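What follows is a short report on a single structure.
The values are calculated or read from the model by the stated rules, or taken from the named source; none is laboratory data. Bear in mind the structure is a predicted one, so any value in this text is a computation, not a measurement. We place every Cβ from the backbone using ideal geometry, glycine too, and count neighbours over all the protein chains shown.
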Amino acid sequence: MELPFLKKKEEIPGISVLKPKAGVSVKDIIAPSALEVSSDNLRLAKRYCRTIFAFTYPRYLNTNWFSPVINLDRHFDISMYINPIDTSVALKNLRKKVAQVESALVIKEEKGQVRDPILETAYKDLENLRDQLQTAQEKLFQYALYITIYEDEVAELDKTENQIRNMLESRLVYAKTAMYQQEEGFNSTLPLGTDRLQVLNTMNSAPLSTTFPFVSADLTSDKGILYGINRHNNSLILFDRFSLENGNMVIFAKAGSGKSYASKLEILRSLMMGTDVIVIDPENEYKYLADTVGGAFFRISLTGEHHINPFDLPVPHEDEKPADLLRANIINLVGLLRLMLGSLTAEEDAVIDKALSETYASRDITAESDFSQITPPLMSDLQTILENMEGGANLALRLKKYTEGTFAGFLNMPTNVSADNRLAVFNIRDMEDELRPIAMYVILGYIWRLIRRETKKRILVVDEAWLLMKYEDAASFLYGIAKRCRKYYLGLTTITQDVGDFMNSRYGRPIITNSSLQLLLRQSPATIDLLVQTFNLTEEEKYLLLEAGVGEGLFVAGLKHAAIRTVASYSEDQVITSDPEQLLKIEKAKKELAEAEAKVI
């Protein structure tokens, strides 16, 4: 259908181009095709709209009182008109008003009537306001608030209006429909800056400031590390994770969103503040960081030189009993063997439990032993015990590949690593996919024994935690650390890009609830609804995570939410970058420097 204000231009074969007729303005083009004005709504083409205005406010307004309306998942336009009032004129009018109120109080007193608290309060407020205006602490303004709602049906208009009015009335702000003034109300909410309704309320600076709709949590403190920049107000997000009820943190992001970059930045800055850090690194992303700061780097693989014996026992503290430690380690070993051997029947589980106790006993390790003087058994010792136990032959056969077969170089060796360095990184990149969850379980067990041996301020980073969450026993072990690490002055950081696998585990949500700090970076549309449900995010926060750039997202500390952008200095960026192109440039520069030094020598 040809529009009346358009005419055909010269035709090109296969293409019909239209251009405005002479004398037609942009207004004519963007204006709706039809407009129907009713007493309480307007109809624009196929949509209905209604304008409401706020006409009264309470004595006190809390900061961010308008935020629930702003975050409502509806289509509407909001206009606020703020007009300053000349202070000299305001003082003159206030003087008259004070005289009227004071006169009313005197008349009531002369007549012997009961005191009127409303008049007395008004008198005090007027006098306080006069003092503040006189000393330029406050100014007076005329303020108007209009909201135009858009819906497809009139019934939906009524529903949305009631929802907004209920939100406002819960804060003692009352609004009503602009009856027989819908055209003026609609024009007042257009981006023209013209107030056609003129429903004005007088406000001074303090309550007026609370109407500012975009309020972000201030997460700047006098201690802690810099996590990034608050994107709402450009303030610094300086925070100490150990100042909350626990120091645990979760980082959720899709691949390439900057989660490892943010984690390494926190590690580098935490080291500078005297915090020790231990990392489980599945992809060799933390090696350059460890080398730069002089940390320990352990490459755990089938043919590697670093080994961890899962049968090691920690030295008990004064308040711990050796029997409890031995029993706890046997329980952890049962979980490890379930990962190694697959599902176990109830009979096999009982056989494994008994065999583990006998394996320790074969090395004269009992509840009465001095754990500082023992030599722990190996996996081959357990195999020997199983071979000589009733019902253990099949289990011993399944265990052989870890003691004599392909995987023998991994678990059947004494521990030869020492993670006493300020930064210790356990790398499992070269471990086969089948063995990665087992390796992470064994490393976590070693780290937990290390943490219990000496209490100090530490952070434990578990990258790609979804690898563990796919297995019941491994997820249970990680949850146990998250729940108990607080009393050992440890903060656990779990990082994952596979939100589905993490949340599908029955331990996924408990780990999140035991983490007071959350960093949510860019998310994929496939998982965003799960995150919204888990973290109770608003629609605005949902779209913020979908549209965020690299290193941008949402920082959640307790009940405070803030949009964050991670920022590193040039020197920090050179140490923690994961960009392959940048890493190649760094390697090239290092080679050129080495060649130049060789020529000089």
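The combined condition, being surrounded by 16 or more Cβ atoms within 10 Å (Cβ to Cβ) and basic (Lys, Arg), is not fulfilled by ARG363. The number of residues in the range 131-186 being surrounded by fewer than 17 Cβ atoms within 10 Å (Cβ to Cβ), over 16 Å from VAL69 (Cα atoms) and among the aromatic types (Phe, Trp, Tyr) comes to 1. Every condition in (1) surrounded by 14 or more Cβ atoms within 10 Å (Cβ to Cβ); (2) touching a helix residue (DSSP H, G or I) at 6+ places or on another chain (Cβ under 9 Å) is met by PHE555 except one, and the failing one is (2). Look at (1) buried (at least 19 other Cβ atoms within 10 Å of the Cβ); (2) touching a residue at least 60 places away in the same chain (Cβ under 8 Å); (3) aliphatic (A, V, I, L, M) and you find that ILE374 fails only one, number (1).
The set of residues in the range 562-601 being part of a helix (DSSP H, G or I), at pLDDT 75 or above and not charged (D, E, K, R) consists of TYR570, SER571, GLN574, VAL575, ILE576, LEU584, ALA589, LEU593, ALA594, ALA596, ALA598. Screening the range 451-465 for residues that are among the basic types (Lys, Arg) and at pLDDT 85 or above and picking the one that is nearest to the chain's Cα centre (by Cα) gives ARG458. Looking across the range 84-121, the residues that are surrounded by 11 or more Cβ atoms within 10 Å (Cβ to Cβ) and of a type in the set (Val, Ile, Thr) come down to ILE85, THR87, VAL98, VAL101, THR121.
Would you check which residues across the range 371-402 are under 43 Å from the mean Cα position of the chain (by Cα) and among the polar types (S, T, N, Q) and list them? Matches in the range 371-402: SER372 only. Give me the pairs: first residue in the range 545-571 and under 13 Å from PHE535 (Cα atoms), second residue basic (Lys, Arg), beta-carbon distance under 9 Å, and six or more apart or on different chains, which are they? Listed pairs, sorted by first residue: LEU545/ARG522; ALA557/ARG241.
If you go through the range 582-601 and keep only what is exposed (fewer than 11 other Cβ atoms within 10 Å of the Cβ) and among the hydrophobic types (A, V, I, L, M, F, W, C), you end up with LEU584, LEU593, ALA594, ALA596, ALA598, VAL600, ILE601. Residues in the range 315-336 that are farther than 25 Å from LYS470 by Cβ and either surrounded by fewer than 19 Cβ atoms within 10 Å (Cβ to Cβ) or free of Cβ contacts under 8 Å to residues at least 24 places away in the same chain (or both): VAL315, PRO316, HIS317, GLU318, ASP319, GLU320, LYS321, PRO322, ALA323, ASP324, ARG327.
Counted as qualifying within the range 1-83 are the strands (runs of 3 or more DSSP E) with 1 or more residues that are surrounded by 11 or more Cβ atoms within 10 Å (Cβ to Cβ) and modelled with pLDDT under 80, namely 6-8, 18-20.
Yes or no, residue by residue, for (1) more than 27 Å from TYR402 (Cβ to Cβ); (2) touching a Lys or Arg at 6+ places or on another chain (Cβ under 8 Å):
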{"residue": "PRO282", "(1), (2)": "no, yes"}
{"residue": "ILE300", "(1), (2)": "no, no"}
{"residue": "HIS307", "(1), (2)": "no, no"}
{"residue": "GLU318", "(1), (2)": "yes, no"}
{"residue": "ASP324", "(1), (2)": "yes, no"}
{"residue": "ARG327", "(1), (2)": "no, no"}
{"residue": "ASN332", "(1), (2)": "no, no"}
{"residue": "LEU336", "(1), (2)": "no, no"}
